[in-house]
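The values are calculated or read from the model by the stated rules, or taken from the named source; none is laboratory data. Nothing here was measured: the structure is a model prediction, and the numbers come from that model. Glycine gets a Cβ as well: all are built from the backbone with ideal geometry, and neighbour counts include every protein chain shown. For the accessible areas, the whole protein counts, side chains as well, though only heavy atoms, and no ligand, DNA or RNA atoms are used. Shrake-Rupley method; radii C 1.70, N 1.55, O 1.52, S 1.80 Å.
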Amino acid sequence: MCGFTGFIGTEKKKKEIIKKMTDKIKHRGPDGEGYYTDKNIALGHRRLSIIDVENGTQPMFNEDKNIVIVFNGEIYNYQELKEKLTNHTFQTNCDTEVLIHGYEEWGMDLPKKLRGMFSFVIWDKNKEILFGARDPFGIKPFYYYQTENNFLFASEIKCFFEHPEFTKKLNEKLIPAYLSFSFTPTTETFFEGVNRLDAGHYLLYAKGKCKIERYFSLNFNEEKKSYEESVEEIATIMKDSVEHHKISDVEVGSFLSSGVDSSYIVSLAHPDKTYTVGYDIPKYNEIDYAKDLAEKLNIKNKSKKITKQEYLKIIPDIMYYMDEPSSDPATVALYFVSKLARKDVKVVLSGEGADEFFGGYNTYKSYIDLAWYNKIPFFIRHAISSFCKLLPEIRGINFLVRRGESLEENYIGVNRVFGEKECKKILNIPITLKNKEITKTVYDEFKNQNDIVKMQAIDIHFWLMKDILQKADRMTMANSLEGRVPFIDTEVYNVASKLPFSYKVSKKGTKLAMRDAAKKVIPNESYKKKKLGFPVPIRDWMKEEDFYQEIQKMFQNNTAKKYFNQEYIIKLLDNHRRGKKDNYRKVWNIYCFLKWHEVFFE
């Protein structure tokens, strides 16, 4: 696990510039640094040594040194691929070198061959072509920025700040989208001109032109198999995936919460050490559950209780490492559990992805539970919805609004914060990018599928790829820790995508087949437990004086005055504190944007 950066251009002080750019991501790779420059390009790399610790220095070259690579990630099938590359001479036992020779052998088809998490760039000196790629689900980050004379790329946006051709400017049109999604849902970023290479895509840069191509697409095709066969298939592929994700020349630990996902991973992997965070408030604390499983498996569990003061104090650092604003409360918990784990290990396993692949969200279950309402003719539901839109937003009314609109009009993911109607009330800037414009490509791709498949596709493309995996990468890497996610594996996805939906969700519950597969190896009843997902007591803390005063202070500053209706957002805060309405997610969403803006622009 590492970080890289670089640029193509005619800058005279390439070595000086690339050193400064690479230093910005020292946290991603404290074990070593490496550079390559020629008349066309500069490459920088920071290394966290995991595979072939002694010989894996980057940038790395092929035999005649005409091809050079910088790479971030792990290729779990690199040993199998190496057996197919017998006509090449290998100098190391690194997965990085497999990528170099794989490019020589398969060219642009290389990413299709890979099982793992990755982002990389390969510079082909003879052809003067830059080839970069990102893994199918976007576990590892990749950003780029183009000017008239330069093409910049990096694992993190902050690298670009050290390049003389980079202009830091806020991309204001994304603020409304952030308020709805709680993260950046587009390939555009909050820094104008900086784009992310989307998951499952590669890029080619040559002669001043950048071309983006897609090599991986989601596909859902149910196969007719018995429930028992499907459970067994999940059990087999999860065991295989965990074994591949354990490949390492250093010790591998694991995060552990109280839910089925991490409990399943830990029960399969049986690491020596596991890590858990919690809080003094019992309903938000998962430590006792985690310790119970660890004791039954006869493995170690280390834990930490995060205090309210620690949580607030670390927010500016969180925003710095994230690069872009995020109001997912679990981000802070991930930071602290990563910091705890890094005292012992360099690699941890984690349970992200199970909900999206195997149907873990109650949103899907409620769609089944309330199927009776959908039997009412759409024109009647639509009329009810149109009337309800004129009323204040309350829980029952919101249900009637949603059920009277098409999914394409309303659904942007499981974690929507603000609706566009309320965004117009709180913002002092116009909404020029509508949510349905952001989700349209996905809905178009799955237009012939049923609504539940469409919801899964939306949640994978946005919530999983652009929030969950973003925060998992950034919070582990902030602590120089490699996070591995065995659920988010192409072979696991191939099994999950063929499951009948009734094997995922029914009126009985969620993740049905996966829970029954997990039941085979989990020695306690975690397989039954509803996933809490790093629960955080922000809802309660906001009502306490110190937390309330900190947020109120931010809501009264000049940035808040510029972008928001201050009277409206302070009312959201006050109504939450008085218990009139549960506004904590909306309040936290605005607060996190203001803290992020303070870190990067003030």
Residue 536 fails exactly one of (1) open to solvent by 50 Å² or more (accessible area, probe 1.4 Å); (2) closer than 21 Å to residue 416 by Cα; (3) in contact with a Phe, Trp or Tyr (Cβ under 7 Å, 6 or more places away or on another chain), namely (1)
Look through 204, 152 and report the one residue that is more than 18 Å from the chain's Cα centre (by Cα), of a type in the set (A, V, I, L, M, F, W, C) and under 19 Å from residue 136 (Cβ atoms).
204
Check residue 327 against each of (1) at pLDDT below 95; (2) buried (at least 24 other Cβ atoms within 10 Å of the Cβ); (3) farther than 30 Å from residue 523 by Cβ and name the one condition it does not meet.
(1)
I need a count of the residues in the stretch 151-198 that are touching a helix residue (DSSP H, G or I) at 6+ places or on another chain (Cβ under 7 Å), open to solvent by less than 10 Å² (accessible area, probe 1.4 Å), under 23 Å from residue 22 (Cβ atoms) and not in a helix (DSSP H, G or I).
8
Requiring at least 3 residues that are open to solvent by less than 10 Å² (accessible area, probe 1.4 Å) and of a type in the set (A, V, I, L, M, F, W, C), the helices (runs of 4 or more DSSP H) wholly within the stretch 418-461 are 451-458
Within the stretch 295-314, the count of residues that are under 18 Å from residue 599 (Cα atoms) and out of contact with any Phe, Trp or Tyr (no Cβ under 8 Å at 6 or more places or on another chain) comes to 1
Quick check on the stretch 2-47: of everything there that is within 12 Å of residue 68 (Cβ to Cβ) and of a type in the set (S, T, N, Q), which residue is surrounded by the most Cβ atoms within 10 Å (Cβ to Cβ)?
37
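Within the stretch 238-255, work out how many residues are part of a loop (DSSP other than H, G, I, E, B) and either open to solvent by 60 Å² or more (accessible area, probe 1.4 Å) or free of Cβ contacts under 8 Å to residues at least 60 places away in the same chain (or both). Quick ask: steps written out before the conclusion?
Keep residues of the stretch 238-255 that are part of a loop (DSSP other than H, G, I, E, B), which gives 246-251.
Narrowing further to those that are either open to solvent by 60 Å² or more (accessible area, probe 1.4 Å) or free of Cβ contacts under 8 Å to residues at least 60 places away in the same chain (or both): 246, 249, 251.
Of the residues in the stretch 238-255, 3 are part of a loop (DSSP other than H, G, I, E, B) and either open to solvent by 60 Å² or more (accessible area, probe 1.4 Å) or free of Cβ contacts under 8 Å to residues at least 60 places away in the same chain (or both).
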Applying the selection to the stretch 205-237, what residues are more than 26 Å from residue 359 (Cβ to Cβ), open to solvent by 40 Å² or more (accessible area, probe 1.4 Å) and touching a residue at least 60 places away in the same chain (Cβ under 8 Å)?
207, 210, 213
If I filter the stretch 491-511 down to residues being open to solvent by less than 30 Å² (accessible area, probe 1.4 Å) and over 14 Å from residue 364 (Cα atoms), which single residue comes out as farthest from the chain's Cα centre (by Cα)?
499
Does residue 343 satisfy being in a loop (DSSP other than H, G, I, E, B) and either open to solvent by 50 Å² or more (accessible area, probe 1.4 Å) or more than 30 Å from residue 513 (Cα to Cα) (or both)?
yes
